[in-house]
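The values are calculated or read from the model by the stated rules, or taken from the named source; none is laboratory data. It should be emphasised that the depicted structure is a prediction, and the values quoted were computed from it without experimental measurement. In this analysis, Cβ positions are derived from the backbone assuming ideal geometry, glycine residues included, and neighbour counts consider all displayed protein chains. All accessible areas refer to the heavy atoms of the entire protein, side chains included, with ligands and DNA or RNA removed. Shrake-Rupley method; radii C 1.70, N 1.55, O 1.52, S 1.80 Å.
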Amino acid sequence: MCAWNIYSAALVGCGRIGYSLGLDKRREQPASHTMALNANPCISLIAGCDTNVARLNEWKEANKRSLTYSDSANLYARQTPDIIVIAVNEEFHLSEALKAIKNKPKLVILEKPVALNLNEALKIFEASKECNVPVLVNHERRFAEDYKLAKKYMEKIGELQSIRAELNSSMCVYNPEEEKTGAYSLLHDGTHLVDILLYFLEKEEASSLKEVPAVTKKALSGGLLRRVIQEPSEEEKTFVNELLNSPLITSFSKDEDGKVRNLSVHYSNSICSDITMCINGKSKFFGFEITITGTLGRICIGNGYLKFYKREKSELYSGFYSLASDNSVHIPRKTLYFSNMVKNAIDFLEGRKPLVSSLQNGINALAVLEEILCKLKQKL
């Protein structure tokens, strides 16, 4: 039983993250919005919406007490849920988020990334502010117990020396032909990589954006040579993140179809002078991992593992110190990433806690990705 209020919820998008990932027996459950919402006693899932009839019927079979709608306009004309979850493909985030916000629920839960680009994300931000509707962005690792533990352990590893974030999958890093769908890993999964980097770098509050002149190309010619330089444009402005900006693309590669398959980006800031992000799009496996090295220890975290290392007198060399496994830390058996996300939503609505992954957090990640993409396009 719920000791507090019962909140009604509606789900827009009954696909993988909306529903079917909750049927995967290998995944830690709950692994979808449907399962996480149904598992929380403070929520009543009153409706589901999807334009795919077969998918909607499958969802209805598992949620017999909930109503179903084939479009969100019809849903909002008949229901006024307290919580609206947007779990559609990236290309529809803007339109569905604006419709949900206009319906003025108490909270919108928006799947990552916030939108296809920063311009669309800022439209969602303005609508959220105008209608006074808060938005939680589901960057799930911010809610996971293992990542929370890793962030806390950072206090023990001394001054940060390097951070390496790596994503491996078979999805191309960037495909110019998929600009309107967002079906490339720099956006689709890269948003998780960037967001968790910001999570580890941030203190208590979310980082913010700063406005800078946009970079344009200018051609200089002389004799037999033609040189292209980059210079700031005073007429145009763009936004960058205050913690991760001015990326240096150290390497990238394309396949024969012009799709980017590998990308390596380097950052340096006052918190850590050596931050590297690598995204590989021709791997035969899926991997997501972060390695944080300090002057006194190291943290290695990824899908399914978490390891801590601390400085100890070396067993290999006299008069030296080495890194050894810190087995004193209890590693949580479950990450509770989806359950904690929904719990945070309820805690926020009850006035007990702020949103762990706010709209500002999501926009911060998108600003980093957009700056990387801008630099990458200049090299293609």
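For the stretch 324-373, compute Rh as the Kirkwood radius over C-alpha pairs and then the Stokes-Einstein diffusion coefficient at 4 °C and 1.567 mPa s; write the answer in µm²/s, rounded to an integer.
94
Rounded to the nearest 20 debye, what is the charge dipole size of the stretch 275-343 about its Cα centre when +1 sits on each Lys and Arg Cβ and -1 on each Asp and Glu Cβ?
Values: 10 positive and 4 negative charges, 51 e Å.
Using Cβ point charges on Lys, Arg, Asp and Glu, the stretch 275-343 gives about 240 debye.
When you take every Cα atom in the stretch 233-380, what is the radius of gyration, and what is Dmax, the widest Cα pair distance, in Å?
Expressed in Å, the Cα Rg and Dmax of the stretch 233-380 come to 20.1, 62.
Can you tell me the order of 362-373, 33-44 when each peptide is scored by its average per-residue count of other Cβ atoms within 10 angstrom, highest first?
Ranking the peptides 362-373, 33-44 by packing returns 362-373, 33-44.
Residues of the stretch 275-379: accessible area per residue at 1.4 Å, in Å²?
51
Rounded, prolate or oblate for the chain? Axes are the square roots of the Cα gyration tensor eigenvalues, ordered a ≥ b ≥ c, and the cut-off for rounded is a/c under 1.5.
Here the chain falls in the oblate category.
If you count the DSSP beta bridges with both ends in the chain, what percent of them are antiparallel, to the nearest 5?
Working: 52 of 79 bridges.
Antiparallel bridges make up about 65 percent of those DSSP assigns within the chain.
Kirkwood hydrodynamic radius for the stretch 273-348: how many Å is it when counted over pairs of different Cα atoms?
15.8
Check each of the chymotrypsin sites (Phe, Trp or Tyr not before Pro) in the stretch 264-318 and keep only those in coil by DSSP with at most 14 other C-beta atoms within 10 angstrom; list them in order.
In loop regions of the stretch 264-318 (DSSP not H, G, I, E or B), the sparsely surrounded chymotrypsin sites (Phe, Trp or Tyr not before Pro) are F285, F286, Y317.
With each label point set 7 Å from Cα along the Cα-Cβ vector, what nm distance links N245 and S170?
4.0
Per residue of the stretch 27-38, what does 6.51 cos²θ - 1.76 cosθ + 1.60 with θ = phi - 60° give for ³J(HN,Hα)? Whole Hz please, x for Gly and Pro, Karplus curve as stated.
Residue by residue, the stretch 27-38 yields 7, 5, 9, x, 10, 9, 4, 4, 5, 5, 5, 5 Hz.
Kindly provide the helix-only [θ] at 222 nm of the chain, computed as the sum of -39,500 (n - 2.57) over DSSP H runs of four or more divided by all residues, to the nearest 500 deg cm²/dmol?
Taking each H run of at least 4 residues, the total per residue is -8500 deg cm²/dmol.
Carbon and sulfur: what percent of the chain's accessible surface (1.4 Å probe)?
Roughly 49 percent of what the probe reaches on the chain is carbon or sulfur.
Could you point to the residue in L316, H188, P134 farthest towards the positive end of the chain's charge dipole, with +1 and -1 charges on the Cβ of Lys/Arg and Asp/Glu respectively?
Checking the options against the dipole of the chain, the answer is L316.
Report the far tail of the P(r) of the stretch 142-183, meaning the percent of Cα-Cα pairs longer than 11 Å.
Tail of the P(r) past 11 Å holds 77 percent of the pairs.
If you project the alpha carbons of the stretch 1-81 onto their three principal axes, what span does each projection cover, largest first, in Å?
Taking the Cα atoms of the stretch 1-81, the three principal extents are 32, 32, 17 Å.
Which of rounded, prolate, oblate describes the stretch 13-153, given a ≥ b ≥ c as roots of the alpha-carbon gyration tensor eigenvalues and a/c under 1.5 marking rounded, otherwise prolate only if a/b is larger than b/c?
Taking the square roots of the gyration eigenvalues as a ≥ b ≥ c, the stretch 13-153 is oblate.
Peptides 339-351, 100-112, 20-32: what's the order by average Cβ count within 10 Å, highest mean first? Mind showing how you got there, number by number?
On the way: 339-351: 19.2, 100-112: 22.1, 20-32: 15.6.
Per-residue Cβ counts within 10 Å, averaged per peptide and sorted highest first, yield 100-112, 339-351, 20-32.
Once you have a ≥ b ≥ c as the square roots of the Cα gyration tensor eigenvalues for the stretch 72-188, tell me rounded if a/c is under 1.5, and otherwise prolate or oblate according to whether a/b is larger than b/c.
Numbers: a/c = 2.50, a/b = 1.48, b/c = 1.70.
Taking the square roots of the gyration eigenvalues as a ≥ b ≥ c, the stretch 72-188 is oblate.
Quick one: putting +1 on the C-beta of Lys and Arg, -1 on the C-beta of Asp and Glu, what dipole do you get for the chain around its Cα centre, in Debye to the nearest 20?
Around 640 debye, computed over the chain.
Please calculate how many Å² of accessible area the stretch 13-56 carries per residue, with a 1.4 Å probe and no DNA, RNA or ligand atoms counted.
Details: 2030 Å² over 44 residues.
Spelled out: the 1.4 Å probe surface of the stretch 13-56, per residue, equals 46 Å².
Which of L11, L116, Y69 sits closest to the plus end of the dipole of the stretch 1-153, meaning its Cα is farthest towards the positive end, when Lys and Arg get +1 and Asp and Glu get -1 on the C-beta?
L11
Given an 8 Å cut-off on Cα distances and at least 6 residues of separation, report the relative contact order of the chain as a percent.
19
Taking the chain as a Gaussian network, Cα atoms linked when under 10 Å apart, which of S251, S95, S314 shows the biggest mean-square fluctuation?
Evaluated over the chain, the most mobile residue of the options is S314.
Just checking the chain: which Cys have no other cysteine's beta-carbon under 4.7 Å?
Singleton cysteines: C14, C49, C131, C172, C272, C278, C300, C374.
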